[in-house]
Amino acid sequence: MNDAPLLEQLHPAHWKAAVGYANGIAAAGRLIFVGGQIGWNGDQVFESDDFVAQIHQALDNIVTVLGEAGAGPEHVVRLTWYVTDKREYLARLKEVGAAYREVMGKHFPAMTMVQVADLIEDRARVEIEATAVLPDA
């Protein structure tokens, strides 16, 4: 591995600063793709129907899967969020941010969020998929 950082944020100098996400990320290494994670635990049991609690659990699930490859939240280069209620997301943004930072730290990859009509699991309020890059040894 060379001296270049694993992840490089891509942000045009003349653009307004991105808050809570990156416009782009450049990375090199082993790619890890984490399928959509919802707010249930490893036994596929929902412990809460609360929107923020499900976000916390989905992010925790992502970190757990990443751990299987020897990666962590700092290796995530992209998150795609599917939410069933964008108004609740916006109304609870501070709580969402706190849950995010608790699990992911202050690492903000490229992100996309989409409101969807429904998710496959009836109790799911959010689904999040991740792409990570683990540096070459």
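The values are calculated or read from the model by the stated rules, or taken from the named source; none is laboratory data. Just so it is clear, the structure is predicted and the values come from calculations on it, not from any experiment. Neighbour counts are summed over all protein chains in view; Cβ atoms, including those assigned to glycine, are modelled from backbone coordinates with ideal geometry.
What the table shows:
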| item | result |
| --- | --- |
| Residue list for segment 74-101, restricted to those being part of a helix (DSSP H, G or I) and either more than 20 Å from residue 119 (Cβ to Cβ) or in contact (Cβ under 8 Å) with a residue 40 or more places away in the chain (or both) | 74, 75, 93, 94, 95, 96, 97, 98, 99, 100, 101 |
| Members of segment 27-66 found to be within 24 Å of residue 89 (Cα to Cα), part of a strand (DSSP E or B) and within 13 Å of the chain's Cα centre (by Cα), listed by number | 34, 35, 36, 37, 38 |
| Subset of segment 13-69 that is without any contact (Cβ under 8 Å) to a residue 12 or more places away in the chain and polar (S, T, N, Q) - its residue that is surrounded by the fewest Cβ atoms within 10 Å (Cβ to Cβ) | 44 |
| Among (1) surrounded by 14 or more Cβ atoms within 10 Å (Cβ to Cβ); (2) modelled with pLDDT of 95 or more; (3) under 21 Å from residue 31 (Cα atoms) - the single one residue 92 does not satisfy | (3) |
